[in-house]
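The values are calculated or read from the model by the stated rules, or taken from the named source; none is laboratory data. Everything numeric in this text was worked out from a predicted model, so none of it was measured. Using ideal geometry, Cβ is built from the backbone for each residue, glycine included, and neighbour counts are taken over all protein chains shown.
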Amino acid sequence: MKRKLTLKDIARELEVSISTVSKALKNSEEIGRDTTEKVQAFAKLYNYRPNNIALSLKNKRTKNIGVVIPDIVHYFFTTVFRGIEKYSNLKGYNVIVCVSDEAFDKEVINTELLANGSIDGFIMSLSAETQSKMDFHHLLEITEQGIPLVLFDRVDDHVTCDKVILNDKEIAYQAVKKFLGNRRKNIALITTESYFNVSVKRAEGYEEALIEAGIPVRRELRLTLPYRDVNENEMRQFFSAAKVDAVLCVNEIFAVQCMAVVQKMGMKIPDDIEFIGFTDGMLSKYSNPTLTTVAQHGERMGEIAAEMLIERIETEIGEEKPFRTEIIEGTIVERGSTVN
């Protein structure tokens, strides 16, 4: 079957933006006559057909919301989904959830599947591959078609839409300040690849707290792990080479894994080494010792995301509302992995 021509295809062939193509096809006065004629001629030649069902969603609501999350293993994403569903159902909307499994292609397929008239709008958190590739064409096409979109947690400034995020930098700063208050000096950061925007912000907070305390940021005290299939030997080598007395982990999975490794190496938690991880999930509550965490309040984040989306869906045609970013304040939940 011949692949359907998309806005991105036209934009690439004519070396213009997706926005320009979309506006030219609608005879927008913002686009010059020559460009409009060129775009429309190309679209006609290759039999381009817009998704009229998706374009009419503003007028014919399905009362369905599409949610695309990167992973179902991480407790955080399940709590966000719970919040989305809770608020949406209260407002009379159903929720259809898809999992990208951290894959760009699967994220694109999910959005195209749902954007065929099945839903009134999207709530999404970007997959690892999407952030790595920095390819947001599928999201730009969604917004150009007038389908409302809310991004949460993993967001990007290249996508203009409503967003809900955690105060990642500030709460990471507070976590390191707690270590410093417990007289810890050799504080490590266990993080992910730099294309995760949340990890970047948490690293900024970590570094700011150290610099403010007059402690140099040491490269040997940072360990970058893959977001899946972590090798325990990497952790063991890191803790064998570096003298560490406290560890900030960007998620609870890394934290619990690291705690198991250092205990096998004979270190005592929290006497010899303290740990704080992000996400106040089941692993944190039942690890040994229990893990001090940054609570991200995922359910509240989901509720706010759903509220923003439904408000956008129900906005009258022609009524312009500026996009906004809501920031959730994280909190530190103290447990057995730190000296309280």
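Annotations for the structure displayed:
- Filtering region 160-178 to residues that are surrounded by fewer than 18 Cβ atoms within 10 Å (Cβ to Cβ) and in a loop (DSSP other than H, G, I, E, B) leaves Thr160, Asn167.
- If you go through region 85-96 and keep only what is in contact with a strand residue (DSSP E or B) (Cβ under 6 Å, 6 or more places away or on another chain) and buried (at least 18 other Cβ atoms within 10 Å of the Cβ), you end up with Glu85, Ser88, Tyr93, Val95.
- Any hit, region 302-314, residues being in the same structural domain as Asp120 (by TED's automatic domain parsing) and touching a Cys at 6+ places or on another chain (Cβ under 8 Å): no
- Out of Lys44, Lys60, Lys23, sole residue that is of a type in the set (Lys, Arg), modelled with pLDDT under 90, surrounded by fewer than 17 Cβ atoms within 10 Å (Cβ to Cβ) and over 30 Å from Ile304 (Cβ atoms): Lys44
- Filter result for the condition that a residue is in contact with a Cys (Cβ under 9 Å, 6 or more places away or on another chain) and under 25 Å from Val80 (Cα atoms), over Leu248, Leu149: Leu149
- Sole residue being out of contact with any helix residue (DSSP H, G or I) (no Cβ under 8 Å at 6 or more places or on another chain) and more than 19 Å from Gly302 (Cβ to Cβ), chosen from Lys177, Lys185: Lys185
Per-residue answers, yes or no, for (1) buried (at least 23 other Cβ atoms within 10 Å of the Cβ); (2) among the hydroxyl-bearing types (Ser, Thr, Tyr):
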residue	(1), (2)
Met124	yes, no
Thr130	yes, yes
Lys133	no, no
His158	no, no
Gly181	no, no
Arg228	no, no
Asn231	no, no
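- Boolean, Ser287 is among the hydroxyl-bearing types (Ser, Thr, Tyr), under 26 Å from the mean Cα position of the chain (by Cα) and at pLDDT 95 or above: yes
- Residues in region 81-100 that are in contact with a Ser or Thr (Cβ under 8 Å, 6 or more places away or on another chain) and of a type outside the set (Gly, Ala, Ser): Asn94, Val95, Ile96.
- The set of residues from region 76-99 being closer than 22 Å to Arg312 by Cβ and not in a helix (DSSP H, G or I) comprises Lys91, Gly92, Tyr93, Asn94, Val95, Ile96, Val97, Cys98.
- Checklist (1) closer than 30 Å to Pro148 by Cα; (2) in contact (Cβ under 8 Å) with a residue 24 or more places away in the chain applied to Glu311, failing item: (2)
Rundown of residues vs (1) surrounded by 14 or more Cβ atoms within 10 Å (Cβ to Cβ); (2) touching a residue at least 40 places away in the same chain (Cβ under 8 Å); (3) within 12 Å of Asn186 (Cβ to Cβ), yes/no style:
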position	(1), (2), (3)
Ile215	yes, no, yes
Glu220	no, no, yes
Leu223	yes, no, no
Glu252	yes, yes, no
Ala255	yes, yes, no
Cys258	yes, yes, no
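- Inter-residue pairs, beta-carbon under 6 Å, first among the aromatic types (Phe, Trp, Tyr) and modelled with pLDDT of 85 or more and in region 226-240, second exposed (fewer than 15 other Cβ atoms within 10 Å of the Cβ) and in a helix (DSSP H, G or I), 6+ apart: none
- Among (1) in contact with a helix residue (DSSP H, G or I) (Cβ under 6 Å, 6 or more places away or on another chain); (2) not assigned by TED's automatic domain parsing to the domain that holds Gly181; (3) not aliphatic (A, V, I, L, M), the one test that Cys249 misses: (2)
- Checklist (1) of a type in the set (A, V, I, L, M); (2) free of Cβ contacts under 8 Å to residues at least 60 places away in the same chain; (3) out of contact with any helix residue (DSSP H, G or I) (no Cβ under 7 Å at 6 or more places or on another chain) applied to Ile96, failing item: (3)
- Residue that is farthest from Ile123 (Cα to Cα), among those in region 179-208 that are small (Gly, Ala, Ser) and not in a loop (DSSP other than H, G, I, E, B): Gly181
- Search result, residues across region 105-146 that are among the β-branched types (Val, Ile, Thr) and out of contact with any strand residue (DSSP E or B) (no Cβ under 6 Å at 6 or more places or on another chain): Val108, Ile109, Thr111, Thr130
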